[in-house]
Amino acid sequence: MMWLSGGFVFRRGTSRYHRLDPRVKLLISVLMFVTTLIVRSLYELAFVLAFMVAVAAVATVLRRVLRTMMLTALFSAFIFAVNFIVTGNLEMSLLYSLRFVAIVVSTSLFFITTSPDELEQVMKTFRLPRDVVFAFVTAVRFIPVMLLDTIQIMDAQKSRGLELEKGNIFRRVRNMIPILIPLVVNSVVRSGELAEAMESRAYGAVPQPTSLVEYRSSLADKAVAAAAVVTFALVAYSFYYVLPVHFP
Amino acid sequence: MSDILEVKGLSFRYPDSTRRAVADFDLSVPQGEIVVLAGPSGCGKSTLLRAVNGLVPHMYSGEYGGEVKVGGVAVKDSSMRDLAQRVGFLFQNPENQIFMFTVERDVAFGLENLGVPREEMRTRVDEAMRLLDISDLAQRAPHELSDGQKQRVALAGVLAMRPQLVILDEPTSLLDPKTAAELVALVARLRRELGTTFVVVEHRLDLLVKVADRLVVMNEGRKVMEGTPRDVLFRDEAESYGVAVPAITQVQKMLAKDRLVPTSGLMTPAELAAAVGGGSR
Ligand SMILES: Nc1ncnc2c1ncn2[C@@H]1O[C@H](COP(=O)(O)OP(=O)(O)OP(=O)(O)O)[C@@H](O)[C@H]1O
Ligand SMILES: [Mg+2]
């Protein structure tokens, strides 16, 4: 849970990176992601990870990203162990486990610097149907509300004598039922009320709704996007034609 | 003056119910009035409001009889799109009517849905936020707002559509007393400044009767009492319908019986004290 919120939940920031067009941030993350997939040696991977750390520093989220790296590394120790036992190849096992870390970090960099509003904008550029975008928007919008709901229900049930931390694993799962039922009921009531409020505010009235805020790519956004693509091309080229490869 | 809202012989029964939620209901509301609707739980207040903004019968189908007209046009024959612009509905729980991640985007939600051009939308959103004194919250996320602020944001979203009629369903029930009083003052101010008509379902009558022109009491789907708040609250039957007669009115009623204070107009605690103090001197 901690790992998830630290690594993937947006927090407001004012860095230049935060202010980039969300589509450019997505492009950068996707390119970094692809780069980690075409990496063939530990040297190359080290370079990619260093690049990500640099991006994190520019985006003023270095500490969060380093923490995500550490926590993911703990998990990827498992990937390392399995690989090493199966193949006996130290360098390759290390490569695979660290590659997982890089993949998580490239994704995390996008999500922690992109507000839900911007995510919506990105979805709109992909021309996803309005209903799909709106379903996503409400889902994200109600995450904090549902969390609060859960905490309140847990407190209420605990004060009625429910013991969540007692017993074996089956007992504990069963203990969750008094939490889950009110939570589901709340959500059903909530979605009914949401539907009423949506209708009352003309949801779906016209096929092409307008938007209060306009996201326009500035010249700087375009320059950053171009630089990202060029960097990617150069890096990919040198991986395949310049740098030596240590193992197949 | 023409009536903005006309309800004539309205009846409605939900499909899986044996009893009518609203039965043979009549109500006329002239432009610019504040009407308060009270009555015991389950008597059909929310259903009546739904019939005013079109959720009944457009979203809730069922056995529908009689007629509801807003601005002279029958609700049954209007589209939700059209009704959304003429009737604003503020629901009980502000949390469940805020959709977007920032206050200003949420205030714009209805206008975006209607396809209002961006420049006009900007003007109307800024105006609504200014009116409700939430301009400084424009970039806040919903979870960063207090309950009272959420209620204001939801109301701003309703007012941005510039409705002629605003209906509120128990708007103060989730608010603390001070915030509730502020909301009531806000309703009075909006009526004064914009001439908006309000129909308010409310249990907390102590706050609302001071600004209301009329009090309507409902029971089992029917209208059982109607009049100025003073008329209704002074009648003994009001309490039998579960209307929470404000304590101060109960005192005034007792004193009026002994002719210690006049029965004209509802008195504030200060006025009552002055009247009683003056009489004994
Ligand atoms: N969606 C629905 N489907 C079926 N029956 C409903 C529905 N909503 C309300 N009812 C029933 O209609 C009747 C009137 O309900 P309504 O919600 O209008 O009352 P109310 O006066 O607003 O009550 P409260 O003060 O508790 O909000 C009740 O008997 C209720 O059970
Ligand atoms: Mg109700």
- Task: Quickly run through the stretch B:1-24 and pick out the residues that are within 13 Å of ligand 1 (Cβ to nearest atom) and surrounded by 23 or more Cβ atoms within 10 Å (Cβ to Cβ).
- Result: B:10, B:12, B:21, B:22
- Query: Can you name the residue in the stretch B:77-94 that is over 19 Å from residue B:151 (Cα atoms) and small (Gly, Ala, Ser) and is also nearest to the other protein chains (Cβ to nearest Cβ) among such residues?
  - Reply: B:79
- Filter the stretch B:149-172 down to residues that are away from chain A (no Cβ under 14 Å), within 16 Å of the chain's Cα centre (by Cα) and open to solvent by 10 Å² or more (accessible area, probe 1.4 Å), then give me how many there are. 2
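Among the residues of the stretch B:38-58, which ones are more than 10 Å from ligand 2 (Cβ to nearest atom) and surrounded by 21 or more Cβ atoms within 10 Å (Cβ to Cβ)? Even if it seems obvious, please write down each step before you answer.
Filtering the stretch B:38-58 down to residues more than 10 Å from ligand 2 (Cβ to nearest atom) leaves B:38, B:40, B:51-58.
Hits for the stretch B:38-58 are B:38, B:51, B:52, B:53, B:54, B:55, B:56.
Name the residues in the stretch A:112-129 that are in a helix (DSSP H, G or I) and either crowded, with 16+ Cβ neighbours inside 10 Å or in contact with a Leu (Cβ under 8 Å, 6 or more places away or on another chain) (or both), would you?
Step one: filter the stretch A:112-129 for residues in a helix (DSSP H, G or I), giving A:112-113, A:116-125.
Scanning the stretch A:112-129 gives A:112, A:113, A:116, A:117, A:118, A:119, A:120, A:121, A:122, A:123.
Can you find, within the stretch A:186-222, the residue that is surrounded by the most Cβ atoms within 10 Å (Cβ to Cβ) among those that are more than 14 Å from chain B (Cβ to nearest Cβ) and part of a helix (DSSP H, G or I)? Can you show your working first?
Step one: of the stretch A:186-222, the residues more than 14 Å from chain B (Cβ to nearest Cβ) are A:217-222.
Next, only the ones that are part of a helix (DSSP H, G or I) stay: A:219-222.
On the way: A:219: 7, A:220: 13, A:221: 19, A:222: 12.
Checking each candidate, the answer is A:221.
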- Determine which member of the set A:82, A:30 is more than 25 Å from residue B:141 (Cβ to Cβ), open to solvent by 40 Å² or more (accessible area, probe 1.4 Å) and more than 19 Å from the chain's Cα centre (by Cα). A:82
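If I ask for residues that are more than 10 Å from chain A (Cβ to nearest Cβ) and assigned to a helix (DSSP H, G or I), which ones from the stretch B:127-145 would you list? Can you show your working first?
Kept after step one, since they are more than 10 Å from chain A (Cβ to nearest Cβ), are these residues of the stretch B:127-145: B:127-138, B:140, B:145.
Across the stretch B:127-145, the qualifying residues are B:127, B:128, B:129, B:130, B:131, B:135, B:136, B:137.
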- Might you check whether a residue that is open to solvent by less than 40 Å² (accessible area, probe 1.4 Å), charged (D, E, K, R) and more than 16 Å from ligand 1 (Cβ to nearest atom) occurs anywhere in the stretch B:177-198? no
- Message: away from ligand 2 (no atom under 16 Å from the Cβ), more than 21 Å from residue B:7 (Cα to Cα), out of contact with any strand residue (DSSP E or B) (no Cβ under 6 Å at 6 or more places or on another chain) and at pLDDT 95 or above: is that true of residue B:104 in this structure?
- Response: yes
- Does at least one position in the stretch A:165-176 carry a residue that is among the aliphatic types (A, V, I, L, M) and open to solvent by less than 60 Å² (accessible area, probe 1.4 Å)? no
- When you look at residue A:99, is it assigned to a helix (DSSP H, G or I) and touching a residue at least 40 places away in the same chain (Cβ under 8 Å), yes or no? yes
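Out of the stretch B:25-76, which residues are within 13 Å of ligand 1 (Cβ to nearest atom), within 14 Å of chain A (Cβ to nearest Cβ) and more than 15 Å from the chain's Cα centre (by Cα)?
Of the residues in the stretch B:25-76, the ones within 13 Å of ligand 1 (Cβ to nearest atom) are B:25, B:37-52, B:55-57, B:59-63.
Keeping just the survivors that are within 14 Å of chain A (Cβ to nearest Cβ) gives B:46-47, B:49-52, B:55-57, B:59-61.
Matches in the stretch B:25-76: B:55, B:56, B:57, B:59, B:60, B:61.
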- Could you tell me which numbered condition residue B:225 fails, if it satisfies all but one of (1) open to solvent by 10 Å² or more (accessible area, probe 1.4 Å); (2) touching a helix residue (DSSP H, G or I) at 6+ places or on another chain (Cβ under 8 Å)? (1)
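Quick one: how many residues across the stretch B:199-234 are assigned to a loop (DSSP other than H, G, I, E, B) and within 21 Å of residue B:44 (Cβ to Cβ)?
Pass one, the stretch B:199-234, residues assigned to a loop (DSSP other than H, G, I, E, B): B:202-204, B:209-213, B:220-221, B:228.
Next, only the ones that are within 21 Å of residue B:44 (Cβ to Cβ) stay: B:202-204, B:212, B:220-221.
Selection size over the stretch B:199-234: 6.
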- Pairs, first part of a helix (DSSP H, G or I) in the stretch A:160-178, second of a type outside the set (Val, Ile, Thr), C-beta under 6 Å, six or more apart: A:175/A:164; A:178/A:157; A:178/A:162
- Item | residue B:96, sole failed condition from (1) closer than 30 Å to residue A:115 by Cα; (2) away from ligand 2 (no atom under 16 Å from the Cβ); (3) not in a loop (DSSP other than H, G, I, E, B) | (2)
- Query: Within the stretch B:101-115, which residues are surrounded by fewer than 24 Cβ atoms within 10 Å (Cβ to Cβ) and among the aliphatic types (A, V, I, L, M)?
  - Reply: B:114
- Task: Please give the number of the condition residue B:99 fails out of (1) more than 16 Å from ligand 1 (Cβ to nearest atom); (2) at pLDDT below 95; (3) facing another protein chain (nearest Cβ under 10 Å); (4) under 24 Å from residue B:226 (Cα atoms).
- Result: (4)
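The values are calculated or read from the model by the stated rules, or taken from the named source; none is laboratory data. These numbers were taken from a predicted model, which means no experiment stands behind them. All Cβ positions, glycine included, derive from the backbone under ideal geometry; neighbour counts span all protein chains shown. The accessibility values were calculated without ligands, DNA or RNA, using every heavy atom of the protein model including side chains. Shrake-Rupley method; radii C 1.70, N 1.55, O 1.52, S 1.80 Å.
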